[in-house]
C-alpha cells in the first residue's frame, strides 16, 4: 500500500458574531488554518500455516509534513486465526497505532472568545438544600457583568502524537 494525502483547513469567524448576542458559542470566534501532507507505506501478509490455522502480519509507516513534532509514525499488527470447524473462526490480534496531533491544535491562531459566567451545578444544589435560593451560583439568578471573562486560545507546535495498542 502506498498513499499520499494533502489536508487543509481554514476556520474563520462569522462576521455577524462580532456585534451580536446570537452567537454565544466560543467556537465562532476561533480562527486559523494551514495544510499538512502525509505519506504512507504499508504491507500486509497472510500466511496459511496449516489448513485450519492462518497467521497475519501488517506494518505501516506514516510520514507527516506539518508544523508539529509528529515527524513519522508506525503501526504494526499481528493476528492468528484458528478454524476448529468450518464456519467457526476464532481470531486473536495485537496491534499498535499512531495518531498525529489534530490540525486545529497546531494551527489555530490567537483567538479570544467572550464567555459568560458558568453555573456550578453542585454548588447550586448545595445552596438550594441549605435554603439559599438566591445564590449567585444558581442559573435563575441574574449575574453582574463583572463575572464575565474572556477565553484566549492559541495553537502550539509542541503536541506530541498519540500512540497506543490494542
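The values are calculated or read from the model by the stated rules, or taken from the named source; none is laboratory data. Please read these numbers as outputs of a predicted model, since none were measured by experiment. Cβ: placed from backbone, ideal geometry, glycine included. Neighbour counts: every protein chain shown.
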For the stretch 70-94, which residues satisfy the criterion of being surrounded by fewer than 15 Cβ atoms within 10 Å (Cβ to Cβ), in contact (Cβ under 8 Å) with a residue 40 or more places away in the chain and within 21 Å of residue 40 (Cα to Cα)?
94
All but one of (1) touching a residue at least 24 places away in the same chain (Cβ under 8 Å); (2) in a strand (DSSP E or B); (3) surrounded by fewer than 16 Cβ atoms within 10 Å (Cβ to Cβ) hold for residue 54, so report the exception by its number.
(3)
Answer yes or no as to whether residue 36 is touching a helix residue (DSSP H, G or I) at 6+ places or on another chain (Cβ under 8 Å) and assigned to a strand (DSSP E or B).
yes
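Every residue, every condition in (1) closer than 30 Å to residue 79 by Cα; (2) at pLDDT below 70; (3) over 34 Å from the mean Cα position of the chain (by Cα); (4) assigned to a loop (DSSP other than H, G, I, E, B), yes or no:
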position	(1), (2), (3), (4)
127	no, no, yes, no
131	no, no, yes, yes
134	no, yes, yes, yes
155	no, no, no, yes
158	no, no, no, yes
164	yes, no, no, no
